[in-house]
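Accompanying notes for the structure given below.
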Amino acid sequence: MPSSYLGAIGTANPAHRLAQPQIADFMAGALAFGADDSRRLRALYRVSGIAHRYSVLPDYGQANGDYTFFPNTPGLEPFPGIGQRMGAYRQHALPLSVAAVHDCLRQAPGIAPASLTHLITVSCTGMYAPGLDIELVQALGLPASIRRTCVNFMGCYAAVNALKLADAFCRADARARVLIVCTELCTLHFQKSAEDDHLVSNALFGDGSAACLVLGRPLPGPAPSLALRAFHCGLEPDGHDDMAWHINDFGFEMTLSSYVPRLIQRGIRNLTDELLARLPVRLEDIHAFAIHPGGRKILETIEQALGMRKDDNRFAYQVLRDYGNMSSATVLFVLRDLLASLTPADADAPVLSFAFGPGLTLEAMLLEVCFA
């Protein structure tokens, strides 16, 4: 029976690496917070589990007067509109994506760009046409005939949908070579709002790009691949308004309520049971996990619901600490770190992966470690 295999995950981040206290200082100033509100805001950033995030904008580490994107005025007025933000997306998305693809292909020396058959681009933080997919074809020297698919505006779980598409392409044709590129510039969409949902969103999201290959056979050479064995999607309709992503006059507005971890806790065990019910794998057989770190509380909630140890989630915590939540790219960063840790002794081991997003959507996939 045809199968598909994920390997060679490359990543890239912008030049501006910002510590959480720096960003907290920017936010407190932008929101004109007094001493008490500033103290509460900095406490929120301290307990986020994030040490650093990356941004295409230097402003989050600058003082008012040195900004290059936001106005150097009290209150940042006139606040940047959607056109300015999309202009910045178009400027920065391509070079960041190209860097991630080069990192990916460097790990797959037998795979030439001209041999790729499919390109899937993923983003929820910017759109334009002709878009990132066409620009990547030109920048990377991909075949003009490459079959292009864009997965847009699905949020943090979109990489799983891209992997589902790639899996279908490879099962239909074992010669398929699919390149997936997830690029998210979340920090372009800072909302100047003191609402709790916006304060939480501003404390979590960062910028990054991840690229990976999905092939009809394991990646040649000594590096491990992950066989894509099964997928399952669940919905928690009660969370329809608790995690949402809307376009407004001043960028894309994220809603991320404090109720989300409880919704995930309610649905995650059932989602896992439904995924594994048709497979010869039990939850207690799984010791490797790649979970989208939507936030520290989400990771802790899943551990409680599935009886996991904190160490089982170590790759997710590492990515959260070093990068924050980069929307769709994030779970691929987690899978990158997991892949780097594998040895031949891990062959055939199952890997359970989750990602979450608007809806409230819960995506699960089961992978299996393999070596060529």
Looking at 117, 293, 88, which one has the Cα that reaches farthest to the positive end of the dipole of the chain (charges on Cβ: Lys, Arg +1; Asp, Glu -1)? 117
Between residue 112 and residue 195, what length in nm is gained on full extension when 0.36 nm per residue of separation is reduced by their alpha carbon distance? 25.0 nm
To the nearest 20 debye, the chain has a Cα-centred charge dipole, built from +1 on Lys and Arg Cβ and -1 on Asp and Glu Cβ, of 760
Can you tell which of 235, 64, 191 lies farthest toward the positive end of the dipole of the chain, using +1 and -1 charges on the Cβ of basic and acidic side chains (Lys, Arg; Asp, Glu)? 235
State, in angstrom, two size descriptors of the stretch 16-85 derived from its alpha carbons: Rg to one decimal place and Dmax to the nearest whole number. 12.5, 35
Top mean-square fluctuation among 30, 211, 114, Gaussian network model of the chain, C-alpha springs under 10 Å? 114
For 298, 111, what ranking results if the residue with the fewest other Cβ atoms within 10 Å of its Cβ goes first? 111, 298
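What's the extension gain from residue 223 to residue 304 if we count 0.36 nm per residue and subtract their Cα-Cα distance?
25.9 nm
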Net charge dipole size for the stretch 225-370 [Lys, Arg +1 and Asp, Glu -1 on Cβ; Debye, nearest 20]: 240
Which three extents, in whole angstrom, do the alpha-carbon atoms of the stretch 225-370 cover along their principal axes, largest first? 52, 32, 24
So, relative contact order of the chain in percent, Cα under 8 Å, 6 or more apart, is 24
What's the magnitude of the charge dipole for the stretch 71-218 around its Cα centre, counting Lys and Arg as +1 and Asp and Glu as -1 at the beta-carbon? Answer in Debye, nearest 20. 720
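Using the alpha carbons of the stretch 114-203, what is the convex hull volume per residue in cubic angstrom, as a whole number? Don't skip to the answer; put the middle values down first.
Working: hull volume 9.0 nm³, N = 90.
Spread over its residues, the Cα hull of the stretch 114-203 gives 100 Å³ apiece.
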Please pull out the direction-averaged projected area of the chain, using the convex hull of its alpha-carbon atoms, in nm² to one decimal place. 17.4
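How far, in nm, would the chain grow between residue 149 and residue 168 when pulled straight, counting 0.36 nm per residue and subtracting the alpha carbon separation?
5.6 nm is the gain from fully extending residue 149 to residue 168.
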Taking the chain and counting helices only, DSSP H stretches of n ≥ 4 at -39,500 (n - 2.57) each over all residues, the nearest-500 ellipticity at 222 nm comes to -11000 deg cm²/dmol
Identify which of 294, 357, 87 has the largest mean-square fluctuation in a Gaussian network model of the chain, with springs joining Cα atoms closer than 10 Å. 87
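Viscosity 1.306 mPa s, temperature 10 °C: what is the translational diffusion coefficient of the stretch 119-159 from Stokes-Einstein with a Kirkwood Rh over Cα pairs, rounded to a whole number of µm²/s? Walk me through the intermediate numbers first.
On the way: Rh = 10.8 Å.
This corresponds to a translational diffusion coefficient of 147 µm²/s.
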Which whole-number percent gives the relative contact order of the stretch 225-370, counting Cα pairs below 8 Å spaced six or more residues apart? 39
With springs connecting C-alpha atoms under 10 Å apart, model the chain as a Gaussian network and identify which of 162, 176, 129 has the largest mean-square fluctuation. 129
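Any read-out appearing in this document is the output of simple, stated calculations on the displayed coordinates, not a laboratory observation. Keep in mind that this is a model prediction, so the values were computed, not measured. Backbone-built Cβ (ideal geometry, glycine too); neighbour counts: all protein chains shown.
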